[in-house]
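Report on the following structure.
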Amino acid sequence: MGYTYAGLERSADKGVRWTGFSNTGIVKNGIGRSYALRYYNADLVVWTPKAIYVVYEHRTTASKIRINYALPNGRIDVEPNNTWVFRHGNGKKFLVKSGMRIANDGKVSGAGNYAKWWAKTGPEIKRRRNEQARLRYWRRMRDMALRPERFAPEIHKPTHKLSVESILAERNTTIRMVMAAIYGIPKFLEDAKAEVVNSEAGYDLLRFNLGNSEPRWASDVVRPINVQALKMVCPSTDTTYIETVPPNMANVRAALDWRFQTQDYLGRVGQQT
Amino acid sequence: MTIEAIDYSRMRTIRQGDVFFIPVGGADYVEKHSGRNSWDRVQDVEGGIIQRGESTGHAHRLEDTRRGFLKKVGSGLFVVVAGALGAKVIHEEHKPVTLEPDTTYQVQIAREFDYGAEEASFVRD
């Protein structure tokens, strides 16, 4: 015969099932209140013959130790994002959810559709989280490389060694762009042998396609992600300069006008040295 | 004899390295287009240095500060060539350029696109 207390449904054969909590009918005295409040935020409650174990999300390893004490060893994992994950007997992982049933011997049941959903969606979610984490890492590396004044010298220790191959091997376009920015867009365009889109009056417009934008919503348009630069030779020193221009510049004229904020650079310029 | 007004918008622009000189008017252009407010007050720039390179320390500068004057109006920098002789702008690497007499030039510094900063605005992922 089972009974329910503070959202815990207990039965001798099935262990504990957390049904989710409601505030009604629980809080009668001081002790009950404290238990109710604690259980209210709990993710998992395991009721063994000796004690009740309460597991909270985003908590320290102390509760993990307690739950591992209560359950067969190695059944509970902590994911890198610090959520609790229960490892089923078949090796599959899933998050601890409301409505799951944990038996005294550690067997889990009641995951139902959630387990199916997680098996299907989990890898994709993990991939996105992984890419978000890598993007955060590379943005920080970029800030350290391009804006070192914001960082203390002792923490400015880039560990990566970028090459054109390693940048192009990156599968995420956004991260690829960040890596190219660290590498240096002019150097990247030169080393990657960027195509010359337009040439006029000794200027070359270089363009390299880093990939396409990834649409997130149905209304998003897939656009090419380009980096562009203007290649020019200084008439005084014969030195070649490559200077970055916005990716939407169509030709040398537009790029020069953007660069010098003029209307008709090539039409009006007299002396150039 | 007729005196034709000079069309400064048709005058040739001049570039020396990353510094671009655009003729905007006569020698009195800055006085005409300034006021007493903080954003259009004329400030004299001493030394004749138009732009100094950050890493090399090389500078675009007026060869003779008696022929050309640097004026700052708001955030804009102007070279006023007052005399009839023109003014020469020199640089350690680039060949000198000569600015026309009785002309005011607006100084424009070439800009670059910062892919490091702008990446987030056009790459949506």
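Throughout, read-outs are computed from the coordinates displayed, never taken from laboratory work. Keep in mind that what you see is a predicted model, and the values were worked out from it rather than measured. In this analysis, Cβ positions are derived from the backbone assuming ideal geometry, glycine residues included, and neighbour counts consider all displayed protein chains.
Quick notes on this one:
- Neighbour cut-off at most 14 other Cβ (10 Å), DSSP loop, chymotrypsin sites (Phe, Trp or Tyr not before Pro), the stretch A:235-265: none
- Remark: the Cα gyration tensor places the stretch B:35-106 in the oblate category, a/c being 1.5 or greater and a/b not exceeding b/c.
- B:Trp39/A:Leu266 FRET efficiency (R0 22 Å; Cβ-Cβ; nearest 0.05): 0.10
- Relative contact order, percent, chain B [alpha-carbon distance under 8 Å, six or more residues apart]: 26
- Total formal charge among the other residues, if their Cβ is under 10 angstrom from that of B:Gln108, Lys/Arg +1 and Asp/Glu -1: +2
- Within chain B, longest stretch clear of exposed trypsin sites (Lys or Arg not before Pro) (DSSP loop, no more than 13 other Cβ within 10 Å): B:67-125
- Net dipole in debye of the stretch B:2-125 [+1 Lys, Arg Cβ; -1 Asp, Glu Cβ; about Cα centre; nearest 20]: 360
- 14 Å beta-carbon shell around A:His160, net charge (K/R +1, D/E -1): +4
- Applying both filters, DSSP loop and at most 15 other Cβ atoms within 10 Å, to the chymotrypsin sites (Phe, Trp or Tyr not before Pro) of the stretch B:6-107 gives B:Trp39.
- Theoretical gain in end-to-end length, A:Lys126 to A:Glu195 [0.36 nm per residue, Cα-Cα removed]: 21.2 nm
- Environment charge of B:Ile14, counting only residues whose C-beta is closer than 12 Å and scoring Lys/Arg +1, Asp/Glu -1: +4
- Vicinal HN-Hα couplings computed from phi for the stretch A:166-181 (Karplus, 6.51 cos²θ - 1.76 cosθ + 1.60; Hz; Gly/Pro x): 5, 5, 6, 6, 5, 7, 8, 5, 5, 5, 4, 5, 5, 5, 5, 5
- Summarising the amide proton neighbourhood of A:Val245: residues at separation of 5 or more, or on other chains, whose placed amide H is nearer than 5 Å comprise A:Gln228, A:Ala229, A:Leu230, B:Phe113.
- For A:Glu214, the residues 5 or more places off, or on other chains, whose built amide H falls under 5 Å of its own are B:Arg124.
- In order along the stretch A:258-273, the phi-based Karplus estimate (6.51 cos²θ - 1.76 cosθ + 1.60, θ = phi - 60°) of 3J(HN,Hα) comes to 5, 5, 9, 6, 10, 9, 8, 4, 5, x, 10, 6, x, 8, 9, 10 Hz; Gly and Pro are listed as x.
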